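Here is the structure we will look at, set down as structure tokens.
The values are calculated or read from the model by the stated rules, or taken from the named source; none is laboratory data. The model shown is predicted, which means the values in this text are computed figures rather than measured ones. Note that each Cβ is placed from the backbone with ideal geometry, even for glycine, and that neighbours are counted across all protein chains shown.
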Amino acid sequence: MTEAPTPEEAAARAAAIAAGLDPADPAAILAALIRCPSVTPREGGALALIEALLARQGFDVARPVFEEAGTEPVENLFASIGEAGPHLVFAGHTDVVPPGTLGDWTSDPFAGEIVAGEMVGRGAVDMKGGIAAFLAAYARHARRNGPPPGRLSFLVTGDEEGPAVNGTVKLLDWAKARGERFDGCLVGEPTNPSVLGEMVKIGRRGSLSGEVRVAGTQGHVAYPHLADNPVRAAVQIAESLLATPLDEGTGTFQPSNLEITAIETGNASVNVIGARCSIFFNVRFNDRWTIDTLKAELAARIAAGAAAGHLRPGRPAAGYELLWRERPSAAFSTGGDAAGGGGALTGALTAAIHQMTGRRPELSTSGGTSDARFIKDHCPVIEFGLVGKTMHMSNERVALSDLEGLTEIYEAFIARWFAAHA
């Protein structure tokens, strides 16, 4: 596995590599990006490489670093070209998840080797491939047509695979404070399940996580009258959360879903009644709910389950504490028409996909969350990228034909989006 370079080494290496790259060649760009070991939160030279490539083409590039207490500092990139007119932004991330067990890979995960027409490497799909394709798409568009009639920007973070605290959300606020206003955003996450061109993400379900801590009294299992078993109430609370579906879905979203992800006591002894039990859960929810209304519904279900879940017959109802975990995100949909604010955005992308592949993509809100949940507060946003079958897996890889196909789609999208705003 390649060792992480120092910041100085990364910058020097990036400049040298960028000088030898054709900015319109997505495969060469992707190989160079994969060779930058940018495991969250390390920059690894990836942003330095993008900076060097874009600076060569006349982009104004900034590299803000954000941090806050309890987190590591994260490097980011914002690069723009053009002045007045409509403003299109491409968003993505260069950070990648760890490669895992190196023995599970057929080649170095940070080598970018080509095997049987596919480039193998960590980040090939998620999402250095999308970044490489859009970089090449812009270069091709500029060669053929000159710069777009407006403003085009790259908003790239190194904190998407991490806690997402010092990345896109802060970078957006930083750009806004500088006076940047966006008219539309394309996120290059891998969106296609099997074939390039089959799915565009026009929104995402919300995500809400919580923990219920049930209190009991520790004791010996042979003397239960001297103890209170919190597991009894925890089971009832879990049943109360799961028993009734949250909804039946909407025209845009699938049904909301709650999953109990763990029930833990921290007790490894079979002859001890534990003093506490925690229930962990996550909900992926649709636009029938806001974060606040969903919290209220779940709190009511938990209260009902606790009231029914006595620690032992004849004793008071269980005591518990409800804690909301992580940063919740609301469900959102850009929409496929003007009413959703994303008509031109969705229309330009779906037309470009059909032009280049002959497919009419499904407009979907399925899957997990992405940094689009932050971007939606600044402008209409949609997502489209590579086939995601191998993301986060050993031997993550992308077909070179798909990489070229995505570049062609992005180039057509750039032309169509700016034409729609002329």
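Here are the numbers:
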| item | result |
| --- | --- |
| Hits in region 400-422 - residues which are over 22 Å from Gly184 (Cα atoms) and surrounded by fewer than 18 Cβ atoms within 10 Å (Cβ to Cβ) | Leu400, Ser401, Glu404 |
| Residue in region 128-138 that is assigned by TED's automatic domain parsing to the domain that holds Arg397 and part of a loop (DSSP other than H, G, I, E, B) present | no |
| Every residue from region 111-138 that is hydrophobic (A, V, I, L, M, F, W, C) and either in contact with a His (Cβ under 7 Å, 6 or more places away or on another chain) or surrounded by 23 or more Cβ atoms within 10 Å (Cβ to Cβ) (or both) | Met119, Val120, Ala124, Val125, Met127, Ile131, Ala132, Ala133, Phe134, Leu135, Ala136, Ala137 |
| Single unsatisfied condition, His378 versus (1) part of a loop (DSSP other than H, G, I, E, B); (2) more than 22 Å from Val89 (Cβ to Cβ) | (2) |
| Test: residue in region 408-420 that is under 21 Å from Asp371 (Cα atoms), without any contact (Cβ under 8 Å) to a residue 12 or more places away in the chain and either assigned by TED's automatic domain parsing to the domain that holds Pro26 or among the hydroxyl-bearing types (Ser, Thr, Tyr) (or both) | no |
| Residue that is surrounded by the most Cβ atoms within 10 Å (Cβ to Cβ) [pool: residues in region 6-36 that are aliphatic (A, V, I, L, M) and over 21 Å from Ala137 (Cα atoms)] | Ala10 |
| Flag for Met356 being under 30 Å from Arg35 (Cβ atoms) and without any contact (Cβ under 8 Å) to a residue 40 or more places away in the chain | no |
| Qualifying residues in region 194-248 (those that are in a loop (DSSP other than H, G, I, E, B) and of a type in the set (A, V, I, L, M, F, W, C)) - the one surrounded by the most Cβ atoms within 10 Å (Cβ to Cβ) | Ile202 |
| Residue that is at pLDDT below 95, more than 27 Å from Ala300 (Cα to Cα) and not assigned by TED's automatic domain parsing to the domain that holds Ala304, where the choices are Gly368, Gly335 | Gly335 |
| Region 58-82, subset among the hydrophobic types (A, V, I, L, M, F, W, C) and within 17 Å of Phe134 (Cα to Cα), residue surrounded by the fewest Cβ atoms within 10 Å (Cβ to Cβ) | Val61 |
| Residue satisfying condition, being part of a loop (DSSP other than H, G, I, E, B), over 27 Å from Thr106 (Cα atoms) and of a type in the set (Val, Ile, Thr), within set Thr369, Thr390 | Thr369 |
| Of the criteria (1) at pLDDT 95 or above; (2) at negative phi, which one Gly150 fails | (2) |
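Residue-by-condition table, conditions (1) touching a Cys at 6+ places or on another chain (Cβ under 9 Å); (2) charged (D, E, K, R); (3) part of a helix (DSSP H, G or I):
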{"residue": "Glu259", "(1), (2), (3)": "no, yes, no"}
{"residue": "Asn282", "(1), (2), (3)": "no, no, no"}
{"residue": "Asp287", "(1), (2), (3)": "no, yes, no"}
{"residue": "Lys295", "(1), (2), (3)": "no, yes, yes"}
{"residue": "Ala303", "(1), (2), (3)": "no, no, yes"}
{"residue": "Ala306", "(1), (2), (3)": "no, no, yes"}
{"residue": "Arg312", "(1), (2), (3)": "no, yes, no"}
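So that you can scan it fast, the table gives a plain yes or no per residue for (1) assigned by TED's automatic domain parsing to the domain that holds Glu51; (2) in contact with a strand residue (DSSP E or B) (Cβ under 9 Å, 6 or more places away or on another chain); (3) buried (at least 24 other Cβ atoms within 10 Å of the Cβ):
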{"position": "Arg143", "(1), (2), (3)": "yes, no, no"}
{"position": "Ser153", "(1), (2), (3)": "yes, yes, no"}
{"position": "Gly162", "(1), (2), (3)": "yes, yes, no"}
{"position": "Thr168", "(1), (2), (3)": "yes, yes, yes"}
{"position": "Arg178", "(1), (2), (3)": "yes, yes, no"}
